[in-house]
Amino acid sequence: MLALALSSAAAAQTMDVPLTAVPGEPVRGRAIVTTRPLGLCLLCHAGPFPDRHLHGSIAPDLAGVGARLTPGEIRMRLVDPAASNPESIMPSYRRAAGALRPGRAFQGKPILSDQAIEDVVAFLATLKEE
Amino acid sequence: MRAAALLALLLFAGPAVAQPRSGYWDAGPQVRAMQDDDTANPGFLWVEQGRAAWQAPPPGGKACAGCHGDIAAMRGVAARYPAADPASGAPVDLAGRINLCRAVNQSAPKLAREGAEMLALAAAIGVESRGLPQRIATDGPMASVIARGEALFRTRMGQLNLSCAQCHEARAGARLGGAVIPEGHANAYPEYRLEWQTIGSLARRIRACLTGVRAEPFAADAPEMLELEAWLALRGAGLPMETPGVRP
């Protein structure tokens with residue numbers, strides 16, 4: 001029973017099938033990650049981008065993440081961060097419902113569209129250097 | 001003997017944040033210097049207006065000074081709010097208390113909670129408690145208000161699905177974007193924020209954090225707001241009052 005739970009949790013940590021038929025576009029992904037109101041990533045994460053003094057320090061540095069994780073693992077982090085850490089503070093970028101008191105403008109909406117998530121995955125996969 | 005002393009220590013250690021740290025220490029040296037110098041602290045513009053409002057009778061009513069005398073009599077008051085109104089038993093924050101006085105003792109219309117006159121009166125009353133430890137009552141009707149406030153503080157909210165505690169407990173001192181996350185205490189309100197270019201209430205600050213996690217903010221007079229304010233005051237018990245604080 002426990003073994004089953006453990007193995008399914010491990011299996012849940014990668015999501016190898018892309019969310020869309022159109023491949024992610026790294027240039028658009030970079031714009032999403034580095035434009036605060038779009039991706040919100042740099043609120044929490046730092047990364048190999050300009051203005052480091054405006055990057056957050058409450059999540060791992062994104063430098064080298066493309067070497068540490070496969071695209072499937074990165075996709076899984078964005079879609080369901082709780083799969084790898086049930087206590088994660090990182091929000092699901094795909095979940096459209098279930099949040100308590102979502103702001104009026106955000107009700108029923110995910111943070112990013114499926115295509116935007118693919119763009120971000122494609123971009124993070126290029127960050128090979130620590 | 002030793003055990004008794006230890007037990008006493010544990011009992012008096014207070015809630016979650018054992019030794020609360022004011023956001024003053026996260027504000028940076030320039031902002032701290034502004035707060036420390038009354039002639040440089042822009043919050044004193046409101047304090048002065050509030051002192052004038054204290055003396056001025058509303059049309060057909062009595063001035064605050066008409067009942068309370070010199071505003072120095074307000075020493076210690078701001079440090080113990082939110083509190084239950086003795087007449088009705090209803091918990092109110094300082095702005096709520098001021099509006100009760102307007103209605104009951106001054107026959108005057110309520111002041112807008114975030115309006116200039118309310119902020120000015122709250123700043124003028126607040127500054128009288130500067131340096132005194134924040135210490136609210138936890139008994140009677142306050143007990144459940146505080147408990148609900150703590151529960152809310154620990155509830156994930158908004159599209160970003162974050163709780164107040166996730167930022168202000170575990171991650172205080174770390175950076176959210178370019179800003180240092182403070183412990184999120186209530187001891188310096190009303191507070192002048194450079195970002196706002198004006199003085200603002202604790203309710204406004206809480207709304208800003210809720211909007212930040214893309215949650216629907218509580219109205220300034222919603223019960224949830226009072227509950228959060230009460231919990232913040234309790235978790236910061238013992239912090240010296242700083243009104244009017246200055247923050248980035």
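The values are calculated or read from the model by the stated rules, or taken from the named source; none is laboratory data. These numbers come from a predicted model, not from an experiment. Neighbour counts run over all protein chains shown; Cβ positions are idealised from the backbone, glycine included. Please note that ligands, DNA and RNA were not included when accessible areas were found on the heavy atoms of the full protein model with its side chains. Shrake-Rupley method; radii C 1.70, N 1.55, O 1.52, S 1.80 Å.
Quick notes on this one:
- Seen against the Cα atoms of chain B and their longest principal axis, helix B:2-12 is set at about 50 degrees.
- Of all DSSP beta bridges in the protein assembly as shown, antiparallel share, percent nearest 5: 75 percent
- Radius of gyration (Cα atoms) of the range B:43-127, expressed as a multiple of 2.2 N^0.38 Å: 1.00.
- Cβ-based charge dipole, the protein assembly as shown, positive-most Cα from A:89, A:48, B:31: A:89
- For residue B:92, the amide hydrogen comes within under 5 Å of the amide hydrogens of B:83, B:84, B:85, counting only partners 5 or more places away or on other chains and with H modelled in the peptide plane.
- Taking Cα centre as origin and charging only the Cβ of basic (Lys, Arg, +1) and acidic (Asp, Glu, -1) residues, the dipole magnitude of the protein assembly as shown rounds to 300 debye.
- Within the protein assembly as shown, helix-based [θ] at 222 nm, where runs of 4 or more DSSP H residues each add -39,500 (n - 2.57), nearest 500: -11500 deg cm²/dmol
- Averaged over the residues of peptide A:88-101, the number of Cβ atoms from other protein chains lying within 10 Å of each residue's Cβ is 4.
- Whole-Hz couplings from phi, Karplus 6.51/-1.76/1.60, listed for the range B:228-241; x for Gly and Pro: 5, 4, 5, 5, 4, 5, 6, 5, x, 4, x, 5, x, 5
- The angle between the Cα long axis of helix B:43-55 and the main principal axis of chain B comes to about 40°, on a 0 to 90 degree scale.
- Principal axes of chain A: Cα extent on each, largest first, Å: 48, 39, 33
- Ordered by solvent-accessible area of protein heavy atoms (1.4 Å probe), largest first, the residues A:38, B:94 come out as A:38, B:94.
- Mean separation of Cα pairs under 8 Å and 6 or more residues apart, divided by the residue count, gives the range B:150-222 a relative contact order of 27 percent.
- A protection proxy built from the mean count of other Cβ atoms within 10 Å ranks the segments B:206-218, B:236-248, B:29-41, B:180-192, most packed first, as B:180-192, B:236-248, B:206-218, B:29-41.
- For chain B, radius of gyration divided by Kirkwood radius, i.e. Rg to Rh on alpha-carbons: 0.97
- Value of relative contact order over chain A, rounded to a whole percent, pairs C-alpha under 8 Å and six or more apart: 37 percent
- Eigen-decomposition of the gyration tensor built on the alpha-carbon atoms of the range B:141-206 gives equivalent ellipsoid semi-axes of 21, 18, 11 angstrom, largest listed first.
- Angle of helix B:94-105 to the longest C-alpha principal axis of chain B, folded into 0 to 90 degrees and rounded to 10: 30°.
- When you restrict to C-alpha pairs under 8 Å that are six or more residues apart and normalise by the size of chain B, the relative contact order lands at 29 percent.
- Cα gyration tensor, the range A:11-59 - rounded (a/c under 1.5), prolate or oblate: oblate
- Per-residue average of Cβ from other chains inside 10 Å of A:107-120: 1
- Taking a straight line from the alpha carbon of residue B:110, these lysines sit under 25 Å away, with near neighbours fewer than eight places off in the same chain left out: B:62.
- Partner chain coverage, peptide A:31-40 - average Cβ within 10 angstrom: 1
- Debye log10 I(q)/I(0) for the protein assembly as shown, one point scatterer per Cα, at q = 0.10 Å⁻¹: -0.74
- Panel note: contact residues of the range B:201-245 (accessible area lowered by at least 50 Å² against the chain on its own; 1.4 Å probe) correspond to B:214, B:216.
- Expressed as a whole percent, the accessible area of the protein assembly as shown that falls on carbon and sulfur atoms is 61 (1.4 Å probe).
- Summarising the amide proton neighbourhood of residue B:157: residues at separation of 5 or more, or on other chains, whose placed amide H is nearer than 5 Å comprise B:162, B:163.
- The range B:113-174: translational diffusion in µm²/s, Stokes-Einstein, Kirkwood Rh over Cα pairs, 10 °C, 1.306 mPa s: 107 µm²/s
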